[in-house]
């Protein structure tokens, strides 16, 4: 039954990804300017511009360009970058590990902060701890990522020199160095998401602590710790897992500014440079890959939810 559910969800993702590809294609091609002129420079002759436009198929009608591009994607060919002497697939393959590493590290930071804070805030409702978590969550949501990143670099990288100011190091090559280099970017990104998760955890815990099964457990003489761990916490984490999964999907594409601040060679910087240079194939391919990952993350969240809560049918 679960395999059938997965197959149905994957089939439902097809029109979504198709819509994303169409929208991105139209938007990027509607931007003012000429990518060939950007590539050759202002001294390029009309003849050279026209020749390159013909080579890259930019003189074809827009619908023909889309059909040619999406046909290549379906065959595993995302085209050639207009500004780099590499294929789009190779560019994405070189940048995706850095983005995934930053997203995972940021989610770990957010979870380690948010879950304990949300639980403490719920079980001590109305206390100083509760108000402190609320104020901290609002502060975390309000602080701009770029400003927090610059402050962290100034304090920990420049003033005290205890952590490097970003720059990606592969965890496969140097695990310790990778953790040191990802620390500041992960804290920068994870802080805002920790605020969201902490508020969700608090709300979910308060809702479950007022349920009848918790009152029944208290009447049976169970201690507060057992009630919290064995009963309330398990049910309270279900919506938190859903929110965390969705936020992880957003992390894959929402780190553009942070990657710029920390010189992090991820997908965000690739999209940004592609948009700035009007590199059509790079932007189209990168956004399509991010959208595909987002759909897969959502599917994984749904499956995890149905596994943790048997009442939820995956059919």
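The values are calculated or read from the model by the stated rules, or taken from the named source; none is laboratory data. Fair warning: this is a prediction, and the values are worked out from it, not measured in the lab. Counting neighbours? That spans all protein chains shown, and the Cβs are built from the backbone with ideal geometry, glycine included.
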Fill in the blank from the handout: Picking from 68, 48, 38, the residue that is surrounded by fewer than 16 Cβ atoms within 10 Å (Cβ to Cβ), within 15 Å of residue 281 (Cα to Cα) and out of contact with any strand residue (DSSP E or B) (no Cβ under 7 Å at 6 or more places or on another chain) would be 68
Fill in the blank from the handout: Per the filter on region 278-288, residues under 12 Å from residue 29 (Cα atoms) and over 18 Å from the mean Cα position of the chain (by Cα) are 278, 279, 280, 281
Completion exercise
Residues of region 73-95 being assigned to a helix (DSSP H, G or I) and either in contact with a helix residue (DSSP H, G or I) (Cβ under 7 Å, 6 or more places away or on another chain) or buried (at least 16 other Cβ atoms within 10 Å of the Cβ) (or both), in sequence order, are 73, 88, 89, 91, 92, 95
Problem - Matching entry among 118, 149 (being crowded, with 17+ Cβ neighbours inside 10 Å, in the same structural domain as residue 238 (by TED's automatic domain parsing), touching a helix residue (DSSP H, G or I) at 6+ places or on another chain (Cβ under 6 Å) and within 20 Å of residue 246 (Cα to Cα)) - result: 118
Problem - Unique match (being at pLDDT below 85 and not in a helix (DSSP H, G or I)) among 232, 244, 254 - result: 254
Practice task
Looking only at region 96-110, decide whether some residue is surrounded by 12 or more Cβ atoms within 10 Å (Cβ to Cβ), part of a helix (DSSP H, G or I), modelled with pLDDT of 85 or more and not assigned by TED's automatic domain parsing to the domain that holds residue 288.
Solution key: no
Completion exercise
If you go through 59, 68, the only one that is under 30 Å from the mean Cα position of the chain (by Cα) and under 22 Å from residue 26 (Cβ atoms) is 68
Handout entry: Answer from 192, 186 - the residue that is at pLDDT below 90, assigned by TED's automatic domain parsing to the domain that holds residue 266 and in a helix (DSSP H, G or I)
Key = 192
Problem - Which listed residue, of 178, 137, is closer than 30 Å to residue 228 by Cα, in contact (Cβ under 8 Å) with a residue 60 or more places away in the chain and either in the same structural domain as residue 262 (by TED's automatic domain parsing) or surrounded by 14 or more Cβ atoms within 10 Å (Cβ to Cβ) (or both) - result: 137
Completion exercise
Here the qualifying pairs (Cβ atoms under 6 Å; residues six or more apart or on different chains; first in region 144-163 and without any contact (Cβ under 8 Å) to a residue 24 or more places away in the chain; second crowded, with 16+ Cβ neighbours inside 10 Å and part of a helix (DSSP H, G or I)) come out as 162/156; 163/156; 163/157; 163/183; 163/184
